[in-house]
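Following: one structure in structure tokens, then a few remarks.
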Amino acid sequence: MKITCIGAGYVGGPTMAVIASNCPEIEVTVADINPLRIAEWNDDTLENLPVFEPGLAEVVAETRGRNLFFTTDVRRAIEQADIIFLSVNTPTKTYGVGKHMAADLKFVELCARQIAEYATSDKIVVEKSTLPVRTAQSIKTILCNNASGVNFQVLSNPEFLAEGTAIQDLMHPDRVLIGGDQTPEGLAAIEVLTSVYAHWVPRERILQTNVWSSELSKLTANAFLAQRISSINAISALCEQTGANVEEISKAIGHDSRIGPKFLKASVGFGGSCFQKDILNLVYLCRQFNLPEVADYWEQVIRMNDYQKHRFSKLIIDSLFNTVSGKKIAFLGWAFKKDTNDTRESAAIYVANELLVDKAEVHVYDPKVKKEQIYADLDYLQKHHRGAMGEADVLTSEEIRQLVIVHESPYEAMGQAHAIAVLTEWDAFKELDWKRVYEGMLKPAFVFDGRNLLCAKEMNAMGFEYKAIGRG
Ligand code: UDX
Ligand code: ADP
């Protein structure tokens with residue numbers, strides 16, 4: 001059997017590496033149109049893989065060249081495959097109909113057209129990217145209207161991995177979900193894909209459904225997870241007013257076995273490529289089906305997240321005597337969570353932007369994110385949210401590069417700073433020599449902990465003005 005995956009990103013790369021590792025007799029090829037990305041995946045030293053994930057380099061080292069291959073030859077990869085995974089990006093649209101709400105399916109559509117054009121034998125096409133409900137139908141329509149004499153089965157097999165723990169999640173998934181047509185051909189295709197996962201996943205954890213249930217389950221799972229974060233973040237605002245401690249509340253309610261302890265960490269706001277995008281998708285879908293009450297209900301999860309990011313920047317500005325103009329604010333972390341180099345929708349971008357508009361100097365340190373990425377993130381935000389911010393708030397690329405300085409060392413970033421903002425919960429930040437940091441800062445030395453990472457007592461004892469989310 002031969003498997004091809006189109007798209008060598010955060011989902012496609014790790015997922016295929018794990019399939020190759022568990023199925024040595026299956027040849028797995030990952031194809032991408034971006035030659036730089038493919039070159040990085042093929043990098044001899046394994047130090048420049050385009051995705052940073054704990055354990056990933058080891059799996060790639062074991063499988064690459066054995067039964068895992070990375071290529072830019074999309075055509076050949078399609079021709080030779082029995083199963084084709086679609087793992088291309090599906091960002092929120094930034095233009096036209098459904099702007100800022102609907103998923104942009106142009107990459108998926110292009111893939112479907114390429115498959116239709118190049119396929120010379122029957123294929124099982126698997127949706128791996130998160131897609132709006134009913135996308136499988138669109139893919140099928142394109143495939144069936146363009147290819148001659150070739151049969152396609154389209155399955156939905158959403159990926160539930162979380163970044164930073166991708167390899168663990170893939171090796172030991174809570175469940176694998178496979179949706180397909182409930183016809184003899186559809187059920188047979190579901191069985192083929194099930195047999196791949198059954199190499200390492202117990203059968204009872206492989207759930208088989210119809211296509212729409214599978215597509216909608218993915219959006220629902222992410223909406224529920226994000227909703228928990230927005231719920232605890234809403235309570236964090238109340239804690240700050242009343243003197244309650246949100247960490248204590250999370251612990252207290254998490255002990256209720258019906259609620260459970262996970263995803264109750266109050267923070268500066270969730271980021272990542274999935275939560276916001278998937279909820280917006282869900283909201284768009286509900287509006288299209290004329291369910292405004294349902295749409296409003298889920299949209300509030302995003303609003304609360306925006307509010308949380310804004311609240312954090314406002315806390316910084318208010319505490320620094322109502323202006324950060326000309327002040328040096330050090331950012332610890334830029335990635336949307338620890339153990340990843342991914343910055344998509346990271347709260348850090350939004351917080352930095354608000355401080356920059358107030359003319360702060362932002363000094364960033366992140367152990368895995370590259371300088372060019374940080375500038376690209378801020379440029380992107382300026383370009384796509386300009387309307388909402390008004391003319392006065394526009395920053396040019398040159399201004400961004402003058403006001404944002406990226407450092408190789410955390411101590412350098414924090415030296416002579418007026419304030420520190422903790423944006424990502426990297427473990428290494430806990431181990432910093434905080435006494436040394438305090439001595440190097442301007443006084444009063446403010447620390448705004450957006451991740452509840454540090455110990456309030458210790459920080460206060462050292463002399464910091466320490467403020468954390470959800471702790472009055
Ligand atoms: C998420 C889903 O967890 C995963 O199943 C899906 O496949 C993709 O989307 P991911 O975005 O990679 O995964 O990371 P996740 O661990 O879910 O964190 C998302 C964001 O929520 C991060 O910014 C994280 O810091 C934040 N978060 C998470 C909190 O603020 N508090 C929490 O308690 C948990
Ligand atoms: P995800 O987080 O969903 O994996 P990424 O943006 O990390 O998303 O990866 C998606 C990848 O898909 C990118 O590397 C992009 O170059 C690739 N891609 C998009 N369209 C095509 C296409 N038509 N053919 C091959 N690769 C594609």
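The condition of being in a helix (DSSP H, G or I) and within 16 Å of ligand 2 (Cβ to nearest atom) holds for only one of 232, 167, that being 167.
Every condition in (1) away from ligand 1 (no atom under 16 Å from the Cβ); (2) among the hydroxyl-bearing types (Ser, Thr, Tyr); (3) under 23 Å from residue 452 (Cα atoms) holds for residue 343 except the one numbered (1). Scanning the range 7-46 for residues that are away from ligand 1 (no atom under 16 Å from the Cβ), over 25 Å from residue 118 (Cα atoms) and assigned to a helix (DSSP H, G or I) gives 21, 22, 40.
Of all the residues in the range 240-264, those that are touching a residue at least 40 places away in the same chain (Cβ under 8 Å) and either touching a Phe, Trp or Tyr at 6+ places or on another chain (Cβ under 8 Å) or crowded, with 21+ Cβ neighbours inside 10 Å (or both) number 1. Here residue 380 passes the criteria (1) surrounded by 15 or more Cβ atoms within 10 Å (Cβ to Cβ); (2) within 24 Å of the chain's Cα centre (by Cα); (3) of a type in the set (Phe, Trp, Tyr) except the one numbered (1).
Looking across the range 435-465, the residues that are closer than 19 Å to residue 364 by Cα and assigned to a strand (DSSP E or B) come down to 446, 447, 448, 449. Restrict the check to the range 66-73 and report whether at least one residue is among the charged types (D, E, K, R), at pLDDT 95 or above and either near ligand 2 (Cβ under 10 Å from one of its atoms) or part of a strand (DSSP E or B) (or both). No, the range 66-73 has no match at all. Scanning the range 79-102 for residues that are surrounded by fewer than 23 Cβ atoms within 10 Å (Cβ to Cβ) and not in a loop (DSSP other than H, G, I, E, B) returns 79, 80, 92.
Got at least one residue in the range 269-284 being of a type outside the set (S, T, N, Q), surrounded by 13 or more Cβ atoms within 10 Å (Cβ to Cβ), away from ligand 2 (no atom under 16 Å from the Cβ) and within 13 Å of residue 337 (Cα to Cα)? Yes, the range 269-284 contains a residue that is of a type outside the set (S, T, N, Q), surrounded by 13 or more Cβ atoms within 10 Å (Cβ to Cβ), away from ligand 2 (no atom under 16 Å from the Cβ) and within 13 Å of residue 337 (Cα to Cα). The single condition from (1) at pLDDT 95 or above; (2) over 21 Å from the mean Cα position of the chain (by Cα); (3) surrounded by fewer than 23 Cβ atoms within 10 Å (Cβ to Cβ) that residue 303 fails is (2).
Of everything in the range 144-164, what is within 18 Å of residue 207 (Cα to Cα), hydrophobic (A, V, I, L, M, F, W, C) and within 16 Å of ligand 2 (Cβ to nearest atom)? Give them in sequence order. Within the range 144-164, 160, 161 qualify. Taking the range 16-30 as the region of interest, how many residues are more than 14 Å from residue 41 (Cβ to Cβ), touching a strand residue (DSSP E or B) at 6+ places or on another chain (Cβ under 9 Å) and among the hydrophobic types (A, V, I, L, M, F, W, C)? Count: 3. Residue check: residue 141 meets all listed conditions (1) within 13 Å of ligand 2 (Cβ to nearest atom); (2) under 17 Å from residue 181 (Cβ atoms); (3) exposed (fewer than 14 other Cβ atoms within 10 Å of the Cβ) but one, namely (1).
Within the range 265-279, residues that are within 19 Å of residue 232 (Cα to Cα) and among the basic types (Lys, Arg) reach partners that are away from ligand 2 (no atom under 16 Å from the Cβ) and assigned to a helix (DSSP H, G or I) with beta carbons closer than 7 Å, at six or more positions or on different chains, in the pairs 265/250.
With respect to residue 54, determine if the residue is of a type outside the set (Phe, Trp, Tyr), in contact with a Lys or Arg (Cβ under 8 Å, 6 or more places away or on another chain) and on the phi < 0 side of the Ramachandran plot. Give the steps one after another, and end with the answer.
Working: of a type outside the set (Phe, Trp, Tyr): yes; in contact with a Lys or Arg (Cβ under 8 Å, 6 or more places away or on another chain): no; on the phi < 0 side of the Ramachandran plot: yes.
In short, no.
Screening the range 332-342 for residues that are buried (at least 24 other Cβ atoms within 10 Å of the Cβ) and at pLDDT 95 or above and picking the one that is farthest from ligand 2 (Cβ to nearest atom) gives 332. Looking at the range 330-434, the helices (runs of 4 or more DSSP H) lying wholly inside it that each contain 3 or more residues that are over 24 Å from residue 307 (Cβ atoms) and of a type outside the set (Phe, Trp, Tyr) sit at 371-389, 397-403, 410-414. Scanning the range 209-225 for residues that are crowded, with 18+ Cβ neighbours inside 10 Å and in contact with a Leu (Cβ under 7 Å, 6 or more places away or on another chain) turns up 214, 215, 217, 219, 223. Taking the condition away from ligand 1 (no atom under 13 Å from the Cβ), surrounded by fewer than 21 Cβ atoms within 10 Å (Cβ to Cβ), in a loop (DSSP other than H, G, I, E, B) and not small (Gly, Ala, Ser), does residue 192 pass? Considered against the rule, which asks whether it is away from ligand 1 (no atom under 13 Å from the Cβ), surrounded by fewer than 21 Cβ atoms within 10 Å (Cβ to Cβ), in a loop (DSSP other than H, G, I, E, B) and not small (Gly, Ala, Ser), residue 192 comes out as no. Taking every residue in the range 8-26 that is among the basic types (Lys, Arg) and pairing it with any residue that is part of a loop (DSSP other than H, G, I, E, B) and surrounded by fewer than 22 Cβ atoms within 10 Å (Cβ to Cβ), at least 6 positions away or on another chain, yields no pair with a Cβ-Cβ distance below 7 Å.
Mind checking whether some residue in the range 386-404 is β-branched (Val, Ile, Thr), more than 16 Å from ligand 1 (Cβ to nearest atom), at pLDDT 95 or above and under 19 Å from residue 358 (Cβ atoms)? Looking through the range 386-404, at least one residue is β-branched (Val, Ile, Thr), more than 16 Å from ligand 1 (Cβ to nearest atom), at pLDDT 95 or above and under 19 Å from residue 358 (Cβ atoms). Looking at 442, 432, 395, just one residue is crowded, with 20+ Cβ neighbours inside 10 Å and more than 16 Å from ligand 2 (Cβ to nearest atom), and that residue is 395. Among the residues of the range 146-180, those that are free of Cβ contacts under 8 Å to residues at least 24 places away in the same chain and more than 25 Å from residue 336 (Cβ to Cβ) comprise 148, 149.
The values are calculated or read from the model by the stated rules, or taken from the named source; none is laboratory data. Just so we're clear, the structure is a prediction, and the values are computed from it rather than from any experiment. Methodologically, a virtual Cβ is constructed for each residue, glycine included, from the backbone with ideal geometry; neighbour enumeration extends over all protein chains shown.
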